[in-house]
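All remarks here apply to the structure that follows.
The values are calculated or read from the model by the stated rules, or taken from the named source; none is laboratory data. Please read all numbers here as calculations on a predicted model, not as lab measurements. So basically every Cβ, Gly included, is an ideal-geometry build from the backbone, and we count neighbours across all protein chains shown.
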Amino acid sequence: MTTHSPCLKLSLHHHGLPRTANFVILHPMTEDVLNPKKYYGAQGNYLKEHKKYFSKERLQTEINFLIDVLNLNKKDKILDLACGHGRHTIELKKRGFDVDGLDFSDHLLVIAREHARRENLRISFYEQDIHRMNLKIKYNKIFLLFSEFGLFDAAVALKNMAKVLRTDGLFLLDCDNVFRLIQYLLKHPKSPYHFDFSKMELRGKGNNSQAVRYYIVPELEVLLQNAGLQVTSVYSSYQKEKLNINSKRIIIVAKNRS
Ligand SMILES: C[S@@+](CC[C@H](N)C(=O)[O-])C[C@H]1O[C@@H](n2cnc3c(N)ncnc32)[C@H](O)[C@@H]1O
(Lines give C-alpha, C1' and ligand atoms only; values in the text may rest on other atoms or scores of the structure.)
Protein backbone atom coordinates (compact mmCIF):
# COMPACT_ATOMS: atom_id res chain seq x y z
CA MET A 1 0.00 0.00 0.00
CA THR A 2 1.21 3.48 -0.74
CA THR A 3 0.91 6.49 1.51
CA HIS A 4 0.09 9.13 -1.00
CA SER A 5 -2.61 11.26 -2.43
CA PRO A 6 -4.11 10.06 -5.69
CA CYS A 7 -5.24 13.58 -6.46
CA LEU A 8 -2.52 14.25 -8.94
CA LYS A 9 -3.41 16.24 -11.95
CA LEU A 10 -0.06 15.75 -13.61
CA SER A 11 -0.41 11.95 -13.69
CA LEU A 12 2.06 11.51 -10.90
CA HIS A 13 -0.13 9.46 -8.64
CA HIS A 14 2.05 6.40 -9.03
CA HIS A 15 4.90 8.43 -7.58
CA GLY A 16 3.08 8.49 -4.31
CA LEU A 17 3.76 12.10 -3.46
CA PRO A 18 1.72 13.20 -0.48
CA ARG A 19 -0.01 16.48 0.23
CA THR A 20 3.01 18.62 1.05
CA ALA A 21 4.62 17.59 -2.18
CA ASN A 22 1.30 18.08 -3.92
CA PHE A 23 1.33 21.59 -2.68
CA VAL A 24 4.42 22.38 -4.67
CA ILE A 25 4.62 19.80 -7.42
CA LEU A 26 1.31 18.44 -8.34
CA HIS A 27 -0.74 21.53 -8.79
CA PRO A 28 -0.29 24.35 -11.19
CA MET A 29 0.88 27.51 -9.43
CA THR A 30 -2.55 28.77 -8.57
CA GLU A 31 -3.51 31.12 -5.80
CA ASP A 32 -4.78 28.07 -3.92
CA VAL A 33 -1.35 26.53 -3.92
CA LEU A 34 0.06 29.61 -2.31
CA ASN A 35 -2.72 29.93 0.16
CA PRO A 36 -3.33 26.92 2.42
CA LYS A 37 -6.13 28.73 4.26
CA LYS A 38 -8.00 28.93 0.98
CA TYR A 39 -7.02 25.42 -0.13
CA TYR A 40 -8.50 23.98 3.09
CA GLY A 41 -11.44 26.38 3.15
CA ALA A 42 -14.96 26.06 1.76
CA GLN A 43 -13.83 27.19 -1.72
CA GLY A 44 -10.70 25.06 -1.69
CA ASN A 45 -10.06 21.83 -3.53
CA TYR A 46 -8.44 19.75 -0.79
CA LEU A 47 -11.32 17.36 -0.07
CA LYS A 48 -12.27 16.99 -3.74
CA GLU A 49 -8.73 16.20 -4.78
CA HIS A 50 -8.19 13.66 -2.04
CA LYS A 51 -11.54 11.88 -2.27
CA LYS A 52 -10.13 8.52 -3.35
CA TYR A 53 -7.24 8.81 -0.96
CA PHE A 54 -9.54 8.77 2.05
CA SER A 55 -10.28 5.05 1.74
CA LYS A 56 -11.45 2.98 4.70
CA GLU A 57 -8.66 0.50 4.13
CA ARG A 58 -5.93 3.14 4.23
CA LEU A 59 -7.47 4.73 7.30
CA GLN A 60 -7.46 1.39 9.17
CA THR A 61 -3.79 0.85 8.30
CA GLU A 62 -2.88 4.32 9.55
CA ILE A 63 -4.89 3.94 12.74
CA ASN A 64 -3.38 0.51 13.48
CA PHE A 65 0.06 1.99 12.91
CA LEU A 66 -0.65 4.90 15.30
CA ILE A 67 -1.95 2.56 17.98
CA ASP A 68 1.11 0.37 17.61
CA VAL A 69 3.97 2.88 17.43
CA LEU A 70 2.48 5.38 19.91
CA ASN A 71 1.43 2.53 22.15
CA LEU A 72 -2.00 4.16 22.47
CA ASN A 73 -4.12 3.02 25.39
CA LYS A 74 -7.54 3.97 26.66
CA LYS A 75 -6.10 6.08 29.50
CA ASP A 76 -4.13 8.31 27.12
CA LYS A 77 -5.24 11.82 26.32
CA ILE A 78 -4.50 12.13 22.58
CA LEU A 79 -4.30 15.13 20.23
CA ASP A 80 -4.75 14.86 16.46
CA LEU A 81 -2.81 17.96 15.44
CA ALA A 82 -3.90 19.49 12.11
CA CYS A 83 -6.74 16.97 12.13
CA GLY A 84 -8.42 18.21 8.94
CA HIS A 85 -11.93 16.80 8.64
CA GLY A 86 -11.21 14.49 11.54
CA ARG A 87 -10.84 11.10 9.89
CA HIS A 88 -8.23 9.84 12.40
CA THR A 89 -9.85 11.66 15.35
CA ILE A 90 -13.22 10.06 14.68
CA GLU A 91 -11.87 6.56 14.00
CA LEU A 92 -9.81 6.60 17.20
CA LYS A 93 -12.80 7.83 19.21
CA LYS A 94 -14.93 5.04 17.69
CA ARG A 95 -12.34 2.59 18.95
CA GLY A 96 -12.71 4.01 22.46
CA PHE A 97 -9.71 6.35 22.67
CA ASP A 98 -9.86 9.77 24.31
CA VAL A 99 -8.87 12.08 21.47
CA ASP A 100 -9.24 15.77 20.57
CA GLY A 101 -8.62 17.43 17.21
CA LEU A 102 -7.06 20.78 16.31
CA ASP A 103 -6.95 22.52 12.95
CA PHE A 104 -7.05 26.05 11.57
CA SER A 105 -9.66 25.33 8.90
CA ASP A 106 -13.14 26.20 10.14
CA HIS A 107 -14.53 24.52 7.04
CA LEU A 108 -12.88 21.15 7.75
CA LEU A 109 -13.81 21.37 11.42
CA VAL A 110 -17.49 21.91 10.56
CA ILE A 111 -17.33 18.65 8.57
CA ALA A 112 -15.50 16.87 11.41
CA ARG A 113 -18.00 18.01 14.04
CA GLU A 114 -20.95 17.05 11.85
CA HIS A 115 -19.48 13.58 11.25
CA ALA A 116 -18.86 13.12 15.00
CA ARG A 117 -22.44 14.22 15.74
CA ARG A 118 -23.84 11.67 13.25
CA GLU A 119 -21.80 8.96 14.96
CA ASN A 120 -22.93 10.12 18.41
CA LEU A 121 -19.37 10.85 19.45
CA ARG A 122 -18.39 13.69 21.77
CA ILE A 123 -15.08 15.06 20.52
CA SER A 124 -13.49 18.46 21.21
CA PHE A 125 -12.32 20.03 17.97
CA TYR A 126 -10.29 23.22 18.43
CA GLU A 127 -10.01 25.82 15.70
CA GLN A 128 -6.48 27.15 16.13
CA ASP A 129 -3.37 27.85 14.12
CA ILE A 130 -0.46 25.69 15.24
CA HIS A 131 1.71 28.82 15.44
CA ARG A 132 -0.61 30.39 17.97
CA MET A 133 -1.83 27.24 19.64
CA ASN A 134 -3.20 27.82 23.09
CA LEU A 135 -4.71 24.77 24.78
CA LYS A 136 -5.33 24.37 28.48
CA ILE A 137 -5.15 20.57 28.33
CA LYS A 138 -2.03 18.40 28.36
CA TYR A 139 -1.71 15.28 26.25
CA ASN A 140 0.15 11.98 26.55
CA LYS A 141 0.24 11.40 22.80
CA ILE A 142 0.17 13.89 19.90
CA PHE A 143 0.36 13.09 16.20
CA LEU A 144 0.75 15.26 13.11
CA LEU A 145 -0.16 13.19 10.06
CA PHE A 146 0.16 14.29 6.41
CA SER A 147 1.53 17.49 7.75
CA GLU A 148 2.29 20.82 6.19
CA PHE A 149 5.47 20.73 8.25
CA GLY A 150 7.55 22.26 5.43
CA LEU A 151 5.29 25.30 5.48
CA PHE A 152 5.31 25.75 9.23
CA ASP A 153 7.74 27.77 11.25
CA ALA A 154 9.12 24.48 12.57
CA ALA A 155 10.67 25.81 15.79
CA VAL A 156 7.48 27.64 16.78
CA ALA A 157 5.19 24.76 15.84
CA LEU A 158 7.26 22.21 17.78
CA LYS A 159 7.63 24.48 20.78
CA ASN A 160 3.86 24.99 20.90
CA MET A 161 3.25 21.28 20.49
CA ALA A 162 5.77 20.44 23.26
CA LYS A 163 4.01 22.82 25.67
CA VAL A 164 0.93 20.63 25.65
CA LEU A 165 2.75 17.28 25.61
CA ARG A 166 3.26 15.73 29.03
CA THR A 167 6.72 14.73 30.21
CA ASP A 168 7.49 11.31 28.70
CA GLY A 169 4.58 11.83 26.29
CA LEU A 170 5.07 10.76 22.66
CA PHE A 171 4.85 12.85 19.50
CA LEU A 172 4.59 11.45 15.97
CA LEU A 173 5.56 13.57 12.98
CA ASP A 174 4.88 12.35 9.45
CA CYS A 175 6.40 14.22 6.50
CA ASP A 176 7.79 13.72 2.98
CA ASN A 177 11.17 12.16 2.31
CA VAL A 178 13.18 14.85 0.52
CA PHE A 179 15.35 12.33 -1.36
CA ARG A 180 12.38 10.98 -3.19
CA LEU A 181 11.32 14.46 -4.11
CA ILE A 182 14.82 15.21 -5.44
CA GLN A 183 14.81 12.02 -7.48
CA TYR A 184 11.48 13.05 -8.93
CA LEU A 185 12.74 16.52 -9.85
CA LEU A 186 15.88 15.10 -11.46
CA LYS A 187 13.73 12.81 -13.59
CA HIS A 188 11.43 15.71 -14.50
CA PRO A 189 13.69 18.66 -15.32
CA LYS A 190 10.78 20.47 -16.99
CA SER A 191 8.80 20.53 -13.77
CA PRO A 192 7.82 24.10 -12.85
CA TYR A 193 9.59 23.67 -9.50
CA HIS A 194 13.13 24.20 -8.40
CA PHE A 195 14.87 22.73 -5.38
CA ASP A 196 17.41 25.04 -3.72
CA PHE A 197 19.90 22.69 -2.05
CA SER A 198 21.57 25.51 -0.14
CA LYS A 199 18.32 26.19 1.68
CA MET A 200 16.64 22.78 1.29
CA GLU A 201 13.66 24.63 -0.13
CA LEU A 202 11.35 23.97 -3.02
CA ARG A 203 9.90 26.90 -4.96
CA GLY A 204 8.10 27.59 -8.17
CA LYS A 205 10.55 28.49 -10.94
CA GLY A 206 10.68 32.13 -11.92
CA ASN A 207 8.37 33.60 -9.34
CA ASN A 208 8.29 34.48 -5.70
CA SER A 209 6.17 31.56 -4.63
CA GLN A 210 6.12 30.41 -1.06
CA ALA A 211 9.04 28.13 -0.25
CA VAL A 212 8.49 24.69 1.20
CA ARG A 213 11.29 23.57 3.49
CA TYR A 214 12.33 19.91 3.41
CA TYR A 215 14.19 18.26 6.26
CA ILE A 216 16.51 15.34 6.63
CA VAL A 217 16.29 13.16 9.72
CA PRO A 218 19.31 14.63 11.60
CA GLU A 219 17.79 18.12 11.23
CA LEU A 220 14.46 16.90 12.50
CA GLU A 221 16.27 15.33 15.43
CA VAL A 222 17.85 18.69 16.30
CA LEU A 223 14.58 20.57 15.89
CA LEU A 224 12.86 18.08 18.17
CA GLN A 225 15.73 18.21 20.65
CA ASN A 226 15.45 22.01 20.77
CA ALA A 227 11.80 21.56 21.68
CA GLY A 228 12.80 19.15 24.48
CA LEU A 229 12.09 15.88 22.66
CA GLN A 230 14.27 12.89 21.92
CA VAL A 231 13.72 10.72 18.86
CA THR A 232 12.89 7.14 19.78
CA SER A 233 12.12 5.65 16.36
CA VAL A 234 12.06 6.45 12.66
CA TYR A 235 9.91 4.68 10.05
CA SER A 236 9.40 5.12 6.35
CA SER A 237 5.88 3.78 6.01
CA TYR A 238 2.78 2.73 7.88
CA GLN A 239 4.12 -0.80 7.60
CA LYS A 240 7.03 0.19 9.87
CA GLU A 241 9.62 -0.20 7.11
CA LYS A 242 13.11 1.17 7.66
CA LEU A 243 14.07 4.45 6.06
CA ASN A 244 16.11 4.58 2.85
CA ILE A 245 16.51 7.17 0.09
CA ASN A 246 13.56 5.77 -1.84
CA SER A 247 11.18 5.83 1.12
CA LYS A 248 7.99 7.78 0.63
CA ARG A 249 7.69 9.12 4.13
CA ILE A 250 9.72 10.09 7.13
CA ILE A 251 7.75 9.15 10.23
CA ILE A 252 9.43 10.09 13.49
CA VAL A 253 8.38 9.24 17.01
CA ALA A 254 9.92 11.35 19.79
CA LYS A 255 9.57 11.45 23.57
CA ASN A 256 9.16 14.63 25.60
CA ARG A 257 12.11 14.88 27.99
CA SER A 258 11.27 18.27 29.42
C1 LIG B 1 -3.11 17.40 4.30
S2 LIG B 1 -4.22 17.92 5.54
C3 LIG B 1 -4.17 16.54 6.64
C4 LIG B 1 -5.35 16.50 7.58
C5 LIG B 1 -5.39 15.28 8.49
N6 LIG B 1 -4.22 15.18 9.33
C7 LIG B 1 -5.57 14.03 7.67
O8 LIG B 1 -4.60 13.26 7.54
O9 LIG B 1 -6.67 13.82 7.15
C10 LIG B 1 -3.29 19.15 6.39
C11 LIG B 1 -4.10 19.87 7.46
O12 LIG B 1 -3.25 20.82 8.10
C13 LIG B 1 -4.06 21.93 8.44
N14 LIG B 1 -3.16 23.06 8.65
C15 LIG B 1 -2.30 23.60 7.75
N16 LIG B 1 -1.62 24.61 8.31
C17 LIG B 1 -2.06 24.70 9.60
C18 LIG B 1 -1.74 25.54 10.69
N19 LIG B 1 -0.82 26.52 10.55
N20 LIG B 1 -2.35 25.36 11.88
C21 LIG B 1 -3.29 24.38 12.02
N22 LIG B 1 -3.65 23.54 11.02
C23 LIG B 1 -3.03 23.70 9.83
C24 LIG B 1 -4.97 22.10 7.25
O25 LIG B 1 -6.13 22.87 7.54
C26 LIG B 1 -5.28 20.65 6.94
O27 LIG B 1 -6.44 20.22 7.60
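Pairing each residue of the range 218-241 that is over 18 Å from residue 170 (Cβ atoms) and modelled with pLDDT of 95 or more with any residue that is part of a strand (DSSP E or B) and among the aromatic types (Phe, Trp, Tyr), provided the two are 6+ apart or on different chains, yields no C-beta distance under 6 Å.
Residue-by-condition table, conditions (1) closer than 16 Å to residue 146 by Cα; (2) loosely packed, with under 14 Cβ neighbours inside 10 Å; (3) not hydroxyl-bearing (Ser, Thr, Tyr):
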position: 172; (1), (2), (3): yes, no, yes
position: 183; (1), (2), (3): no, no, yes
position: 199; (1), (2), (3): no, yes, yes
position: 203; (1), (2), (3): no, no, yes
position: 216; (1), (2), (3): no, yes, yes
position: 222; (1), (2), (3): no, yes, yes
position: 238; (1), (2), (3): yes, no, no
position: 242; (1), (2), (3): no, yes, yes
position: 248; (1), (2), (3): yes, no, yes
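Conditions (1) assigned to a strand (DSSP E or B); (2) at pLDDT 90 or above; (3) β-branched (Val, Ile, Thr), marked per residue:
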site: 7; (1), (2), (3): no, no, no
site: 10; (1), (2), (3): no, no, no
site: 62; (1), (2), (3): no, yes, no
site: 72; (1), (2), (3): no, yes, no
site: 90; (1), (2), (3): no, yes, yes
site: 114; (1), (2), (3): no, yes, no
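Would you check which residues across the range 37-49 are crowded, with 18+ Cβ neighbours inside 10 Å and either modelled with pLDDT under 80 or outside any helix (DSSP H, G or I) (or both) and list them? Result: 40, 44.
Among the residues making up the range 76-106, those that are within 10 Å of the ligand (Cβ to nearest atom) and either farther than 21 Å from residue 53 by Cβ or surrounded by fewer than 17 Cβ atoms within 10 Å (Cβ to Cβ) (or both) are 102, 106. Residues in the range 151-165 that are out of contact with any His (no Cβ under 8 Å at 6 or more places or on another chain) and surrounded by fewer than 22 Cβ atoms within 10 Å (Cβ to Cβ): 151, 154, 155, 159, 162, 163, 164. Taken together, the residues in the range 74-88 that are over 16 Å from the mean Cα position of the chain (by Cα) and assigned to a strand (DSSP E or B) amount to 1. For the residues 121, 135, the requirement of being away from the ligand (no atom under 13 Å from the Cβ) and assigned to a loop (DSSP other than H, G, I, E, B) singles out 121.
For residues in the range 50-60 being away from the ligand (no atom under 11 Å from the Cβ) and in a loop (DSSP other than H, G, I, E, B), which is modelled with the highest pLDDT? Outline the logic, then answer.
Step one: filter the range 50-60 for residues away from the ligand (no atom under 11 Å from the Cβ), giving 51-52, 55-57, 60.
Pick out the ones that are also in a loop (DSSP other than H, G, I, E, B) and you get 51-52, 55.
On the way: 51: 83, 52: 82, 55: 91.
Step by step, filter the range 50-60, then rank; the result is 55.
Does residue 103 satisfy the criteria of being at pLDDT 95 or above and touching an Asp or Glu at 6+ places or on another chain (Cβ under 9 Å)? Answer is yes for this residue.
If the condition is being of a type in the set (Ser, Thr, Tyr) and either closer than 30 Å to residue 76 by Cβ or in a helix (DSSP H, G or I) (or both), then the range 155-208 contributes 167, 184.
Residue 132 falls short on exactly one of the conditions (1) over 22 Å from residue 66 (Cα atoms); (2) loosely packed, with under 13 Cβ neighbours inside 10 Å; (3) in contact with a strand residue (DSSP E or B) (Cβ under 9 Å, 6 or more places away or on another chain), and that condition is (3).
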